[in-house]
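This report concerns only the one structure given below.
The values are calculated or read from the model by the stated rules, or taken from the named source; none is laboratory data. Only a predicted model underlies this, so the values are computations on that prediction, with no experimental measurement involved. Note that we place each Cβ from the backbone using ideal geometry, even for glycine, and neighbour counts take in every protein chain shown.
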Amino acid sequence: MKSTIHLNWVYPFEHENSINGKGKILPSFALALFFLLKCAKYMKILGIETSCDETAAAVVEDGRKIISNIVASQIDIHARYGGIVPEVASRQHLLSIIPVIQEAVAKAGVTWQDIDGIAVTFGPGLAGSLLVGVNVAKAIAFATQLPITGVNHLEAHIYANWLDFIPYHSPPSEEERVKFPCLCLIVSGGHSDLVLMKRRGQFEKLGRTRDDAAGEAFDKAARILGLSYPGGPAIEQVASSGAPCLSLPRAWLKGSYDFSFSGLKTALWHLVQKEAVLADLSLVADAAASFQLSVVDVLVTKTIEAAKELSVRQILLSGGVAANKTLREHFLTNSPAPVLIPPPYLCTDNAAMVAACGYYHFQDNQLSDCDLDVVPNLSLG
Ligand code: ADP
Ligand code: MG
């Protein structure tokens, strides 16, 4: 296994007039041009993501430019069970992983010789799902002799903020570039973490959920309200025709940056029983809007409190729940510091964020080898 980064430099003067040809001395202007071209060589990383129920592969240049981004979602398969079935997820990854990687490479218009490294999620996530991505990545690295780096899925979510949000902003303005220290809120189906990022690769966890993650709460609330899976988009859609007029609690957990959403879920269940909510579609819409606002209120208030206390220069949102419009609007209106939020398709699981994060691992010489194994309960900070 190689331990250094494999760089495919283009040697532009390997012809008869060059030093490599008939022994003539390379003119100085040609040397300058050579080094210019060498510096201009972009580093392409193949990202692979299989931590949960998305099989994803992407090719990203220099940690920023998305060349291809393929996501095969298993939502339709798990929807009938109202949640992810781990065994089904890993079997589905096995079926999808090779076609997804092949498509990512083909859509990027590159060959294996053009790829400079492989980045793969090795945790946290479902063990059986992670194993598929990690083993395929190691097999490709072995066959192609490309270097490989294992990526923490939570760190990858944060790095979605480094990507050029084509067609949103390309490239991001100076204002939109990440500045340290920044405060990262990662809200997904499995996590609700508040993390201080002091500089690249340096994280300090400030808070986490004590029970359900924010996305998990959306998924369970949707089930209570008779809505489809995944619950986040379903609740957001139904809530748009309702009003947040029903009284639901907020767990502030004063003196701590931790979150808790299971009490809110139970309160919604009692409300649905007491008010016969399911019998009236307009009440379902009001309950959805009220639930959504309770979650948003807690996430925004506590994150902004931490941002003020720590005098951070930016707030970075990430994870599937960051796709929620109400959450995005509340942050953008109330935050004292600039807020960066990836477009919705980069908030939910994808491999472009893994490739972006992996690019910085390679820059910092953080390489993995054939011993790379999955760590289902990996944390950040
Ligand atoms: P994972 O937890 O596997 O990392 P993602 O980062 O893809 O998954 O996040 C998926 C979660 O995000 C699900 O729980 C889903 O309900 C939630 N979600 C997706 N879109 C929205 C939305 N618009 N509003 C609220 N939650 C959302
Ligand atoms: Mg995720």
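Of everything in region 185-202 that's in a strand (DSSP E or B), of a type outside the set (Asp, Glu) and in contact (Cβ under 8 Å) with a residue 60 or more places away in the chain, which residue is farthest from ligand 1 (Cβ to nearest atom)?
Going through the qualifying residues, I end up with Leu196.
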Taking Gly123, is it on the phi > 0 side of the Ramachandran plot and either assigned by TED's automatic domain parsing to the domain that holds Ala323 or under 20 Å from the mean Cα position of the chain (by Cα) (or both)? yes
Restricting to region 190-244, give me the number of residues that are basic (Lys, Arg) and more than 20 Å from the chain's Cα centre (by Cα). 3
Specify the residue that is nearest to Glu204 (Cα to Cα); the eligible residues are those in region 130-160 that are more than 14 Å from ligand 1 (Cβ to nearest atom) and polar (S, T, N, Q). Thr149
Condition met for Ser68 (closer than 25 Å to Glu216 by Cβ, under 21 Å from the mean Cα position of the chain (by Cα) and among the polar types (S, T, N, Q)): no
Name the single residue, out of those in region 56-74 being closer than 18 Å to Val132 by Cα and in contact (Cβ under 8 Å) with a residue 60 or more places away in the chain, that is surrounded by the fewest Cβ atoms within 10 Å (Cβ to Cβ). Val71
Among helices (runs of 4 or more DSSP H) lying entirely in region 318-363, which contain 2 or more residues that are farther than 19 Å from Arg200 by Cβ? 325-334, 344-347
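Hey, among the residues in region 43-56 that are part of a strand (DSSP E or B) and touching a Ser or Thr at 6+ places or on another chain (Cβ under 8 Å), which one's farthest from ligand 1 (Cβ to nearest atom)?
Ile48
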